[in-house]
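Before any comments, here is the structure.
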Amino acid sequence: MALLEAVGPASLRCCLARRRQPGERWVIASGLPSPQVPMRVSRLMLVTLRDDPAEAEIPSHKLLLRAGYIRRIGSGIYAYLPLLWRVLQKISAIVREELNGAGALETLLPQLQPAELWQRSGRWAGYTAGEGIMFHLEDRQGRALGLGPTHEEVITALAADLLRSYRQLPVNLYQIQTKFRDEIRPRFGLMRGREFIMKDGYSFHADEACLKQSYAAMDGAYRRIFSRCGLRAVAVEADSGAIGGSASQEFMVTAEAGEDLILASADGSYAANQERAVSVPAEVAPLVAGPRAGGAGDPLVTPGQSSIEDLCAAHGFEPGQIVKVLLLLARFEDGVQQPLLISLRGDQQLNEVKLVNAVSARCSAAHGTVLEIGPLTAEAADKEGLGPIHFGFLGPHLADAVLTGARSWQPRFLRLADSTAAGLASFVCGANSLDTHQLGATWGGLCPCPESLDLRAAQPGDRCLHDPSQVLQASRGIEVGHIFQLGRKYSAALDATFTNEAGVDEPLWMGCYGIGVSRLAQAAVEQHHDANGICWPTAIAPYEVIVVIANAADPVQVALAEQLYTDLLGAGVDALLDDRGERAGVKFKDADLLGIPWRVVVGRGAADGEVELVQRAGSRRQDLTAAQLLPQLLPQLEAECRGLVPA
RNA sequence: CGGGAUGUAGCGCAGCUUGGUAGCGCACUUCGUUCGGGACGAAGGGGCCGCAGGUUCGAAUCCUGUCAUCCCGACCA
């Protein structure tokens, strides 16, 4: 501490003292026991790799493996090594701080969950059968159990048990815990694991207005969390998927390697996941000569022209003047297989998420969850015992009669049309016979227009609904958070009710809120790295400073480094000492690879009391006297941890 | 599950076409010289060539099956 005495200014001492205050915000944010525990690289079980492991594809996955943060144990199953565990702890600490500040309560729920709870919510079959993602097992009594992929069922059962009166509401509970999901395809290291760490939270309310308030509070907390973690994240409108409910919003870390496509307006007022995005469709020129022959259209000979491109090339149509028909097959929880006939404008693509939602809305009451929707292929139709279907020449007037004799399918199509197709005054479509189309067909003339709704995928370049002068732009994102207004879906299913002010029982209003903690750590690497390795944002770095002894055989360097290291720890800094006997170059390379935000090199200048300070991101370096180090570094670290200075 | 690829030392790879008992770089151990950006030299240790069958005097190599991993699609924090 002699060095500190020497540095002088009262403001600095104040700052140092604050760093050690147990109750201080950013000491808590370190998430680690204080005072800081010494750690030397020689004792860290650090194994860094020079070559990229063949199994890794994207930069963050390669770097986490190379720098010794993770090891693969099985497909989608990773060991979090000590360095990564510190990162995860720091992220968790920030999450806790923001959520506690927003009035949420931390709890811990069981991972082993009885099937019965899931059967009551109606999700057991959907989550375990077919492409379901829940690992499940039987105990010695033959009772079915699942490993929790999420906790709506458990928390709602608890709420049903504990929440009785509007006087107890609202409440907001969260946990940080390992989740299990039997992903169809685990990918990219921690990005999509079968076992991963998630913060999940659930809120309960007496009415929808209160739910919306908590949802807004969580929105704010999430924005602060990602910002404090040093991430550039955007909030986008999202599909609610299997979780259900009404409004939902995803938080995306923008990165090339992201699995999701984000569509956003340049003015920033609209952003959505492509699964959800809406837009103004492109205008299409009317078909020359308009409707024909009472609206059924004229036959047009189109030998071998089974694609939109062929048709346009041969006859000079625009794709948007054609109605294309997709035959699909939906499989439901109760085993029913429902053929679908979807009409789309030729220049549009089907959005499968919108389709699944539309089909669920129409059929789930009768048949349960949609397990899958896939193409209705010629082979499948053949197996089913149907007559020939002229794929490539289909029109929306294809009669239900083609389904007669089906062995296991429903005998009638569910017919839906995207509104762009429904809006065409006259169009070209298949004639349902080989090598023939209809030219100048109209709805009503050809066949009644099917139920019309939004089924098309919005595309980059489409005009925006909120302001048609704006255009949707594409970027890629990693989903690190998702918040939902669940409404009363689970509370009604699990009979979680409370007594309202009027003395009447009604289902609780619910919200739910998730953050992928382990995914967030990797997303941070994806966003913060360079050719030499990781550049952690200071707030979530495993250590804030690494002290490197350039030549561990030089007792002068060792003594000064040990002194500075002790001083840093004493000042509450998370510091690491590289005491290895390696050559200096090796230690510099490793320090870059590990991505510790600040490096203090004790080397040739040690005899004169001089050290070098290097910032990892940007590699800015400066020479300092040992006495200048702490006064310089401490305010900087504090600012970075508070997110005041971009790392 | 459909499509594609790969399994040889801890990591990255060669060898396979044309069968003859396994090799390179990095890492690891020891010694010496080096010592501020992944040093050099010398000497070592480490492999049921994914697994199981088959063909053959003989299989990393040819054949069959199987398992695992990775990439593209459905799933999602």
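Starting from the alpha-carbon convex hull of chain A, give the projected area averaged over all orientations, in nm².
36.1 nm²
At what distance in angstrom do the alpha carbon centres of the range A:554-616 and the range A:514-529 lie from each other?
Computed from Cα coordinates, the inter-centre distance equals 27 Å.
Give the whole-number value, in cubic angstrom per residue, of the convex hull volume spanned by the C-alpha atoms of the range A:236-347.
Residue-normalised Cα hull volume stands at 230 Å³.
Show me the ranking of peptides A:515-523, A:602-610, A:280-288, A:202-210 by mean Cβ neighbours inside 10 Å, starting with the highest.
Ranked from most to least packed, the peptides come out as A:515-523, A:202-210, A:602-610, A:280-288.
Of A:Tyr174, A:Leu329, A:Leu394, which is farthest on the positive side of the dipole of chain A, counting Cα position, with +1 on Lys and Arg Cβ, -1 on Asp and Glu Cβ, and the Cα centre as origin?
Selected residue: A:Tyr174.
Among all the lysines, which ones have a C-alpha under 25 Å from A:Lys383's C-alpha, if same-chain residues fewer than 8 places away are not counted?
Straight-line reach from A:Lys383, under 25 Å: A:Lys324.
Send over a whole-number figure in Å² for the accessible area per residue of the range A:274-406, probe 1.4 Å.
Here the residues of the range A:274-406 average 45 Å² of exposed surface.
For the range A:293-453, what does the relative contact order come out to in percent, with C-alpha contacts under 8 Å and a separation of six or more?
RCO, the range A:293-453: 33 percent.
At what distance in angstrom do the alpha carbon centres of the range A:314-347 and the range A:452-510 lie from each other?
Their Cα centres are 26 Å away from one another.
Counting only the heavy atoms of the protein chains, how much of A:Glu582 is accessible to a 1.4 Å probe, in Å² to the nearest 10?
Here the residue's solvent-accessible area equals roughly 80 Å².
When ranked by the protection proxy of mean other Cβ atoms within 10 Å per residue, highest first, what sequence do the peptides A:314-322, A:94-102 form?
Most protected by this proxy first, the peptides run A:94-102, A:314-322.
Assuming R0 = 56 Å, what is the FRET efficiency of A:Ala247 and A:Ala531, from their Cβ-Cβ distance, to the nearest 0.05?
Calculated value: 0.85.
With charges only on Cβ, +1 for K and R and -1 for D and E, what is the dipole size of chain A about its Cα centre, in debye, rounded to 20?
1220 debye
Given a 1.4 Å probe and heavy atoms of the protein chains only, how would you sort A:Leu350, A:Leu108, largest accessible area at the top?
The most accessible residue leads, giving A:Leu108, A:Leu350.
Compute the orientation-averaged projected area for the range A:441-515 from the convex hull of its Cα atoms and round it to one decimal in nm².
11.3 nm²
Can you work out D for the range A:186-297 in µm² s⁻¹ from Stokes-Einstein, where Rh is the Kirkwood radius over C-alpha pairs, the temperature is 4 °C and the viscosity is 1.567 mPa s?
72 µm²/s
Please compute, over every Cα-Cα pair in the range A:365-477, the percentage with a separation greater than 18 angstrom.
Looking at the range A:365-477, the distances longer than 18 Å represent 66 percent of pairs.
Output the peptides A:388-400, A:362-374 sorted from most to least packed, where packing is the average of other Cβ atoms within 10 Å over each peptide's residues.
A:388-400, A:362-374
At each listed q (0.14, 0.16, 0.18 Å⁻¹), what is the log10 of I(q)/I(0) that the Debye formula gives for the range A:77-195 modelled as equal alpha-carbon point scatterers?
Normalising to I(0) and taking log10 leaves -0.78, -0.97, -1.12.
Straight-line reach from A:Lys212: which lysines have Cα under 21 Å away, leaving out those fewer than 8 places along the same chain?
Within the straight-line limit of under 21 Å, A:Lys212 reaches these lysines: A:Lys199, A:Lys489.
Out of every Cα pair in the range A:70-130, what percent are spaced more than 14 Å from each other?
Cα-Cα pairs in the range A:70-130 separated by more than 14 Å: 75 percent.
Counting DSSP beta bridges in chain A, what percent are antiparallel, to the nearest 5?
80 percent
When the scattering of the range A:293-453 is computed by the Debye formula from its Cα atoms alone, each counted once and equally, what is log10 I(q)/I(0) at q = 0.11, 0.17 Å⁻¹?
Computed log10 I(q)/I(0) values: -0.43, -1.01.
Treating only the Cβ atoms of Lys and Arg (+1) and Asp and Glu (-1) as charged, compute the dipole magnitude of the range A:293-453 about its Cα centre; round to the nearest 20 debye.
340 debye
Normalising by the residue count of the range A:416-498, find the relative contact order in percent from Cα pairs under 8 Å and 6+ residues apart.
22 percent
Defining a contact as two alpha carbons under 8 Å apart and six or more residues distant in sequence, what relative contact order in percent does chain A show?
Over chain A, the number comes to 18 percent.
For chain A, what is the mean residue ellipticity at 222 nm derived from helices alone (per DSSP H run of n ≥ 4: -39500 (n - 2.57); sum divided by total residues; nearest 500 deg cm²/dmol)?
-8500 deg cm²/dmol
If you roll a 1.4 angstrom probe over the protein chains with everything in place, what fraction of the accessible area of the range A:194-272 belongs to carbon and sulfur, to the nearest %?
C and S atoms contribute 50 percent here.
The values are calculated or read from the model by the stated rules, or taken from the named source; none is laboratory data. Predicted model, so just to flag it, every value in this text is computed and none were measured. Here the Cβ is made from the backbone with ideal geometry for all residues, glycine too, and neighbour counts use every protein chain on show. The protein model used for the area step is the full one, side chains on, heavy atoms only, and it has no ligands, DNA or RNA in it. Shrake-Rupley method; radii C 1.70, N 1.55, O 1.52, S 1.80 Å.
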